[in-house]
Amino acid sequence: MNANARAYRLGDLNNETKFILTTVGIDTPDMLLDDVPDGTEVALVDHNENQQLMKILNKMRITHVIDHHKFGDLKTSDPIYLRFEPVGCTVTILTKLYRENNFAIDQKMAFLLTSAILSDTLHFRSPATTTDDRNILEYLIPLAKIDNITSYANSMFEVKSDLKGFSTRQIHFLDYKQYTFNNRTWGIGTGETCIKEKNLTLIPGDMEEKVVRQAFTANVNNHMMISRQFLFVRPYISNQLSVFRNVHISKPLCQSKNRAFTLAKRNKRDKVDSGAFILLIIPVSAFALGCWQVSRRTWKINLIEKLKSRTQAEPISLLENLDILPDLEYYPVHVRGTFDHSREILIQPRSRLDFADFEKQSAARPLVTTGAHVITPFRVANRNFDILVNRGFVPFELRDPSTRRAGQIEDEHEIIGLLRSTDTLNAVWSKNEPENNVWRTRDVAEMAATIKTAPIFIDEIKILALYWQLLRTKY
């Protein structure tokens, strides 16, 4: 190591770097000028791709590369020292070199190294953060003498987010890099901000087309195209940190003046293979189906948890919550009143799993009994309206009320039940026939209008409680 080296910068400093240098009291490094003697030795830190190198470096002799990015297309005429590690920040590697060679780290250098790790790992919010980054930062903080590391990191991010004074072109080319693959060149500029308000007004007053046209005056590859707008991606790190990207995608507002718009030059003799497009549908469809299944599984899990929390809640008064009943489906409610058995209707056919017979017969699965649900109007006590109550299942042979007089409660009493809404009509189900008193689905409004009740439907809970208890016992 013992080399007489000096740090240079390759371009303008961003606000965050200026803030760090000012805070620690270190002068801004000089720009690397074109008058560097040929063959001057140089070490590259935190970059190694040819497209990221200044042209002046072509006449210098690269001897070292320290980086945490992937190894790019760098070519040298002589063997060189390489140190690449999969960590969140190159400074983590540099600090290891300090310690491996027993070099002392003074307060200012420790301050700079600490700041770099905080910036690159977004204070450990970045998914690229490793255990080595955490351990090195823990080692550096006492040396840097930073009292409140969280407060200092937030100050850095606040400065980084401030884009006041930046031109349209500077904003568009924040951390801009070009990548070539499949004979096409793509450019991506990325910026980070933790100020929500500034996400929405990065370029106040500038029309979208003007922004893009001004940005396109930069010297970029002819293959490049500009997106219709700057896309602000939702935070992927935390609620305090957001990322925005000026992504170059289709539907451009402008294009290179040197040639017609295209992603890459096409040979006019090339033919489009329709078979390839057809084959492409298979993996795309499989991927889309997989995404849909994952999404639907998440939806089902959330729905089950929602229903579980509602059905297990303490019963609330029906009369005290009349204004918000549409939002209370599956919530248990209690209400006092009297059944009017003379107006009961049946929703049929319906099925029930007979767990009792299942236990007695030791069958492979519970037996299924076909029958109906008994829906009875319930006159609310001290109120001049009725509601609909699903009193539960009866087999076909007990559909006639005269065959089940013991269950026809006449006295005023209190019931507890789950609020329900209208069933979504399935294509397999037939529609109700109110004029013939034939009911196949639960249509609350239609039932209420036919038998003159309020459009409120309750599943009496004592029946459901027994069902769920049996279900939990078996499964």
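Among the criteria (1) closer than 25 Å to Leu57 by Cβ; (2) part of a helix (DSSP H, G or I), the one Lys75 does not fulfil is (2).
The condition (being within 35 Å of the chain's Cα centre (by Cα), assigned to a loop (DSSP other than H, G, I, E, B) and among the β-branched types (Val, Ile, Thr)) is satisfied by just one residue among Ile136, Ile141, Ile105, Ile146: Ile146. Hey, can you tell me all the residues within region 9-25 that are surrounded by 14 or more Cβ atoms within 10 Å (Cβ to Cβ) and farther than 24 Å from Tyr179 by Cα? Of everything in region 9-25, those that are surrounded by 14 or more Cβ atoms within 10 Å (Cβ to Cβ) and farther than 24 Å from Tyr179 by Cα turn out to be Asn15, Glu16, Thr17, Phe19, Ile20, Leu21, Thr23, Val24.
Being assigned to a strand (DSSP E or B), of a type outside the set (A, V, I, L, M) and at pLDDT below 90 is a condition met by at least one residue of region 9-19.
Evaluated against (1) in contact with a Leu (Cβ under 7 Å, 6 or more places away or on another chain); (2) closer than 23 Å to Asn4 by Cβ, Leu57 falls short on exactly one condition, (1). On the basis of being part of a loop (DSSP other than H, G, I, E, B), in the same structural domain as Leu112 (by TED's automatic domain parsing) and over 28 Å from Ile171 (Cα atoms), does Val36 make the cut? So Val36 fits the description; yes. Before we move on, is Gly417 small (Gly, Ala, Ser) and modelled with pLDDT of 90 or more? Taking the combined requirement at face value, the residue satisfies it. Considering region 60-98, the residues that are among the polar types (S, T, N, Q) and closer than 28 Å to Ala110 by Cβ include one that is surrounded by the fewest Cβ atoms within 10 Å (Cβ to Cβ), namely Thr63.
Tell me the residue from Ala276, Ala288, Ala260 that is modelled with pLDDT under 50 and not assigned by TED's automatic domain parsing to the domain that holds Leu174, please. Testing whether each residue is modelled with pLDDT under 50 and not assigned by TED's automatic domain parsing to the domain that holds Leu174 leaves just Ala260.
Identify, please: which residue in region 143-168 is out of contact with any helix residue (DSSP H, G or I) (no Cβ under 7 Å at 6 or more places or on another chain) and loosely packed, with under 14 Cβ neighbours inside 10 Å and is, among those, nearest to Gln107 (Cα to Cα)? Residue satisfying both the conditions and the ranking: Asp147. Of the residues making up region 20-41, not a single one is touching an Asp or Glu at 6+ places or on another chain (Cβ under 7 Å) and more than 23 Å from Ala128 (Cβ to Cβ). Within the option set Phe385, Phe396, being over 21 Å from Ile451 (Cα atoms), of a type in the set (Phe, Trp, Tyr) and surrounded by 11 or more Cβ atoms within 10 Å (Cβ to Cβ) holds for one residue only, Phe396. Of all residues in region 11-27, those being within 15 Å of Phe166 (Cα to Cα), of a type outside the set (Asp, Glu) and within 32 Å of the chain's Cα centre (by Cα) number 2. Counting the residues of region 33-44 that are surrounded by fewer than 16 Cβ atoms within 10 Å (Cβ to Cβ) and closer than 18 Å to Thr90 by Cβ gives 1. Does Asp78 fit the bill of being at pLDDT below 90 and acidic (Asp, Glu)? Spelling it out, Asp78 is indeed at pLDDT below 90 and acidic (Asp, Glu).
Search region 152-195 for residues being closer than 15 Å to Glu16 by Cβ and assigned to a strand (DSSP E or B), and hand back the single one that is modelled with the highest pLDDT. Here the residue is Thr190. Residue check: is Phe111 modelled with pLDDT under 95, among the aromatic types (Phe, Trp, Tyr) and assigned by TED's automatic domain parsing to the domain that holds Thr92? In short, no. Looking at Asp67, is it at pLDDT 80 or above and within 22 Å of Ala116 (Cβ to Cβ)? So Asp67 fits the description; yes. Please verify whether region 110-117 includes one or more residues that are of a type outside the set (A, V, I, L, M, F, W, C), in a helix (DSSP H, G or I) and crowded, with 18+ Cβ neighbours inside 10 Å. Yes.
The values are calculated or read from the model by the stated rules, or taken from the named source; none is laboratory data. Since the model is a prediction, treat every value here as computed from it, not as a measurement. FYI the Cβ positions are ideal-geometry reconstructions off the backbone, even for glycines, and counts take in every protein chain you see.
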